[in-house]
Amino acid sequence: MKLLLISNSTNVGEGYLEYCRQNITGFLQASNVTKILFFPFAAVTFSYDEYQQRVQNKLASSGIEVDSIHRHADARKAVEEAQAIVVGGGNTFHLLKNIQALELTGTIRSRVTSGIPYAGWSAGANLACPTICTTNDMPIVEPQNFSALHLIPFQINPHYTDFFDPKHGGETREQRIAEYLAANPEMYVAGLREASMLYIEGKQLRLHGDRQLRVFKYGQSPKEYHAGDDLSFLIKN
């Protein structure tokens with residue numbers, strides 16, 4: 001498999017997909033992709049047409065055409081014929097609900113495990129996990145279940161932050177991940193900080209970005225990993 005899983009689409013003070021645009025285009029061009037099948041279903045407060053155009057505006061200069069799944073009457077055929085699948089961020093529950101309604105989970109997984117590239121940011125990174133249980137989103141809609149594409153054997157928490165506001169009494173991100181692990185002790189959770197991404201090809205996994213990856217496992221202290229560190233244990237468990 002060839003996966004590019006990105007924490008966020010926009011860094012503070014930058015334009016949409018600006019920091020990761022070259023990573024996305026380079027990832028796609030390495031597989032000679034000239035046209036992607038985009039999944040805009042995580043959008044809620046703006047239209048799928050607008051989302052498609054937003055991504056097209058960023059990729060056009062690289063010669064990559066953005067097709068969108070919402071324009072296809074036969075969604076399964078579109079996935080079966082796609083050169084690459086790209087999934088945008090937004091609300092993960094809304095994204096999964098729409099994919100399940102179209103009965104595309106198995107078809108997407110089959111195509112990606114067969115070798116076509118998959119790129120996703122935020123909710124799109126969540127979708128690659130076994131479940132969406134480590135998303136940060138509010139469940140504004142109810143999918144059939146929480147089972148996602150299971151392209152990787154571990155969970156990702158995009159936008160992971162260590163920030164703690166002493167004037168706020170709610171749970172930290174680490175505490176919420178600890179709750180997930182107490183209920184799912186066999187799993188790893190990768191806290192993917194802003195401006196970070198994971199490249200996965202076959203059994204090779206590498207972190208890209210200047211920020212560390214924080215990995216959680218039940219009964220163990222969280223560990224920090226830098227770009228270049230061996231992360232193969234995450235895809236071998």
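Worth a mention:
- Tally of residues being among the hydrophobic types (A, V, I, L, M, F, W, C), surrounded by 18 or more Cβ atoms within 10 Å (Cβ to Cβ) and within 20 Å of T161 (Cβ to Cβ) across the stretch 183-230: 10
- Only residues that are touching a residue at least 12 places away in the same chain (Cβ under 8 Å) and closer than 25 Å to R111 by Cβ were counted across the stretch 1-29, and they come to 17.
- Of residues in the stretch 26-47 being β-branched (V, I, T) and closer than 16 Å to V87 by Cβ, the one surrounded by the fewest Cβ atoms within 10 Å (Cβ to Cβ): V44
- Filter result (over 12 Å from P158 (Cα atoms), among the small types (G, A, S) and in contact with a Phe, Trp or Tyr (Cβ under 7 Å, 6 or more places away or on another chain)) within the stretch 85-127: G88, A119
Values in this text are rule-based calculations from the coordinates and carry no lab data. Quick caveat, the model's predicted, so the values are computed rather than measured. Glycine gets a Cβ as well: all are built from the backbone with ideal geometry, and neighbour counts include every protein chain shown.
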